[in-house]
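A.B. asks: One structure follows; several queries about it will come next.
The values are calculated or read from the model by the stated rules, or taken from the named source; none is laboratory data. Predicted model only: the values in this text are computed from it and were never measured. Cβ atoms come from the backbone with ideal geometry, glycine included; neighbour counts cover every protein chain shown. Keep in mind that these areas ignore ligands, DNA and RNA; they rest on the heavy atoms of the full protein, side chains included. Shrake-Rupley method; radii C 1.70, N 1.55, O 1.52, S 1.80 Å.
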Amino acid sequence: MTNIGSNQEITSARPLRVVVSGGGTGGHIFPALSIADELRDRMGAEILFVGAENRMEMTRVPEAGYKIIGLPVAGFFRKKIWKNFGVLIKLFKSMRLSRKIIREFKPDIAIGVGGYASGPTLKAAQKAGIPTLLQEQNSFAGVTNKLLAKKADKICVAYEGMERFFPADKIVMTGNPIRKSLLNTKLTKEEARKSFGLDSERPTLLVVGGSLGALTVNESLEKSISRFAEQGIQVIWQTGKNFGNRGIEAARGLKGIVVTPFISDMAAAYKSADVVISRAGAGSISELQVLGKPSILVPSPNVAEDHQTFNARALSDHGAAILVKDSEAREKLADTAISLMQNPSQRSDMEKAILKMALPDSAVKIADEVCQIVSSKN
């Protein structure tokens, strides 16, 4: 097995071999890629990703330069119970393929970031005696990580109080890795606004709902976008691909409103913004924390265990964000956003509060834990 000295440099001829498993959403994939990049850049680690077939990691991971193997695993149906027979067959196939992957790749450690594929992959690693590390992004732990926790060597988390889900002696507070591009931009706020064709001096609101869009958030903006223009508030509104041209039509003829299904330069979008409206996925929240952005969070109701509400409350309870329920967004979101945009003192207080919660350099901290685990096994 690879030896890592006290300076955490590789001392054997073979590079560290790491399996990284999980995905399904950007909230799982971006942290996984950040961890892989850190291990590759630091010590030339050989990384193999294991994901779920037909999920977004099967395209995003190769685009980032890594090899990935897909498992036929799928989520269980909570309402249509009869459909789970096929899911079980896929799970058994995935478990068998995972054992083969672990046996042939011979990893020094397996890292699970949550998502369908991480269950069978890390279970196979644990049965083979391979050390495992879990990365839990949310304040309410996912089912897969809870099942794997007992035999995991370390569990990296982003929120306090995770002892209610995991063994306390295995928990390490690292935060969630975020995209390096968000931190590396050289643009000033004024330059970033100009890159969107906006006035460099006017207050700007950023609205993001993910690649598919958030219907409630979009319909709230559709109904009230003219009010923002009337108040002199600029808006960068990312609708996602499922909203069609409705956003563009709603904003037609309005000055200072940029509507787009996709934002290619999120670093410039964040830099432009005085306030951000967002869902409350763990990845988005970690970005808002590290960047110090006052935010209005609208948790998605369509996620397991309602974990986005728990994520949002972790911030709103500390005055670091405003929580607007999805069911109330159409009535309250515009008023809440306009009020916050017109209150610099409140924004300043929220910025200070959210920065206090930030956990920067998360990928570095997680890579440190990986090195310590591998070292301890030699």
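A.B. asks: Given the protein chains as shown and a 1.4 Å probe, how many square angstrom of His28 are accessible, to the nearest 10?
C.D. replies: Roll a 1.4 Å probe over it and His28 shows about 40 Å².
A.B. asks: What is the distance, in nm, between label points placed 7 Å from the Cα along the Cα-to-Cβ direction at Arg14 and at Ser181?
C.D. replies: Those two pseudo-labels are separated by 3.5 nm.
A.B. asks: Run the dipole for the chain about the Cα centre, Lys and Arg Cβ at +1, Asp and Glu Cβ at -1, nothing else charged, and hand back the magnitude in debye, nearest 20. The partial results should precede the final answer.
C.D. replies: On the way: 51 positive and 38 negative charges, 300 e Å.
The dipole magnitude comes to about 1440 debye.
A.B. asks: Quick query: amide H of Ile277 versus all other amide H atoms, modeled in the peptide plane; which residues come in under 5 Å with a sequence gap of 5 or more or a different chain?
C.D. replies: Leu206, Val207, Val208, Ile296
A.B. asks: May I ask you to evaluate 6.51 cos²θ - 1.76 cosθ + 1.60, the Karplus curve with θ = phi - 60°, for each residue of segment 107-121 and list the ³J(HN,Hα) values in order in whole Hz, giving x for glycine and proline?
C.D. replies: Rounded to whole hertz, the list is x, 7, 7, 10, 10, x, 10, x, x, 4, 6, 5, x, x, 5.
A.B. asks: Using a Förster distance of 30 angstrom, determine the FRET efficiency expected from the C-beta separation of Asn54 and Asp265, and round it to 0.05.
C.D. replies: That pair, Asn54 with Asp265, gives E of 0.60.
A.B. asks: While we're looking at this one, here's another question. Expressed as a whole percentage, what fraction of the accessible surface of the chain belongs to carbon and sulfur atoms when a 1.4 Å probe is rolled over the protein heavy atoms? Numbers along the way, then the final one.
C.D. replies: On the way: 8750 of 16960 Å².
About 52 percent, which is the carbon plus sulfur part of the accessible surface.
A.B. asks: Across 20 Å bins from 0, what is the distribution of all Cα-Cα pair distances for the chain, in whole percents?
C.D. replies: Once binned at 20 Å, the Cα pair distances of the chain give 28, 54, 18, 0.
A.B. asks: Could you work out how much longer the chain between Lys377 and Glu63 gets when fully extended? Use 0.36 nm per residue separation minus the Cα distance between them, nm to one decimal.
C.D. replies: 109.8 nm
A.B. asks: Heavy-atom accessible area per residue, the chain, 1.4 Å probe: how many Å²?
C.D. replies: Details: 16960 Å² over 378 residues.
Computed with neighbouring chains in place, this is 45 Å² per residue.
A.B. asks: Of Ile89, Gly209, Val18, whose Cα points farthest to the positive end of the dipole of the chain (charges on the beta-carbon: +1 Lys, Arg; -1 Asp, Glu; origin at the Cα centre)?
C.D. replies: Ile89
A.B. asks: With a Förster radius of 45 Å, plug the Cβ-Cβ distance of Arg246 and Lys356 into 1/(1 + (r/R0)^6) and report the FRET value to the nearest 0.05.
C.D. replies: 0.75
A.B. asks: What does the extension gain come out to for Ala229 and Glu104, with contour length at 0.36 nm per residue minus their alpha carbon separation?
C.D. replies: Between Ala229 and Glu104, full extension yields 39.1 nm more.
A.B. asks: Say the cut-off is 19 Å between C-alpha atoms; which of Lys106/Lys146; Lys106/Lys180; Lys106/Lys377; Lys100/Lys123; Lys271/Lys325 go over it?
C.D. replies: Beyond 19 Å between Cα atoms: Lys106/Lys146; Lys106/Lys180; Lys271/Lys325.
A.B. asks: Right, here's the next one. For segment 193-254, which trypsin sites (Lys or Arg not before Pro) are in a loop by DSSP, counting at most 12 other Cβ atoms within 10 Å? Spell out each step's value before the answer.
C.D. replies: Values: sites: Arg193, Lys194, Lys223, Arg227, Lys241, Arg246, Arg252; in loops: Arg252.
For trypsin sites (Lys or Arg not before Pro) across segment 193-254 that sit outside H, G, I, E and B with at most 12 neighbouring Cβ atoms in 10 Å, the list reads Arg252.
A.B. asks: Treating only the Cβ of Lys, Arg, Asp and Glu as charged (+1, +1, -1, -1), what charge dipole size does segment 163-313 show about its Cα centre? Round to the nearest 20 debye.
C.D. replies: On the way: 19 positive and 15 negative charges, 50 e Å.
Approximately 240 debye in magnitude.
A.B. asks: Related question: Show me, for segment 335-346, the HN-Hα J-couplings you get by feeding each phi into the Karplus relation (A = 6.51, B = -1.76, C = 1.60, θ = phi - 60°), rounded to Hz, glycine and proline as x.
C.D. replies: 4, 5, 5, 5, 4, 5, 4, 9, 10, x, 5, 5
A.B. asks: Taking +1 at the Cβ of each Lys and Arg and -1 at the Cβ of each Asp and Glu, which of Val172, Ile130, Asn54 sits farthest along the dipole of segment 20-176 towards its positive end, judged by Cα position relative to the Cα centre?
C.D. replies: Farthest towards the positive end: Asn54.
A.B. asks: Oh, and also: Rounded if a/c is under 1.5, else prolate if a/b is larger than b/c, else oblate: which is segment 60-200, with a ≥ b ≥ c the root eigenvalues of its Cα gyration tensor?
C.D. replies: prolate
A.B. asks: Next question, about the same structure. DSSP loop GluC sites (Glu not before Pro) in segment 59-165 with at most 12 other Cβ atoms within 10 Å of their Cβ, which ones?
C.D. replies: Here the sparse-neighbourhood loop sites are Glu160.
A.B. asks: Right, here's the next one. Within segment 79-187, report the trypsin sites (Lys or Arg not before Pro) that DSSP leaves as loop and that have at most 12 other Cβ atoms within 10 Å.
C.D. replies: In loop regions of segment 79-187 (DSSP not H, G, I, E or B), the sparsely surrounded trypsin sites (Lys or Arg not before Pro) are Lys79, Lys80, Lys186.
A.B. asks: What is the magnitude of the charge dipole of segment 238-378 about its Cα centre, with +1 placed on the Cβ of each Lys and Arg, -1 on the Cβ of each Asp and Glu, and no other charges, expressed in debye to the nearest 20?
C.D. replies: Working: 16 positive and 16 negative charges, 65 e Å.
Once rounded to the nearest 20, the dipole reads 320 debye.
A.B. asks: Let me ask something else about it. If r is the Cβ-Cβ distance from Asp41 to His318 and R0 is 30 Å, what FRET efficiency results, to the nearest 0.05?
C.D. replies: Working: r = 33 Å, r/R0 = 1.11.
After rounding, the FRET efficiency stands at 0.35.
A.B. asks: Next question, about the same structure. Hey, rough spin-label estimate for Asp306 and Ala168, points 7 angstrom out along Cα→Cβ, what's it come to in nanometres?
C.D. replies: So the label points at Asp306 and Ala168 sit 2.8 nm apart.
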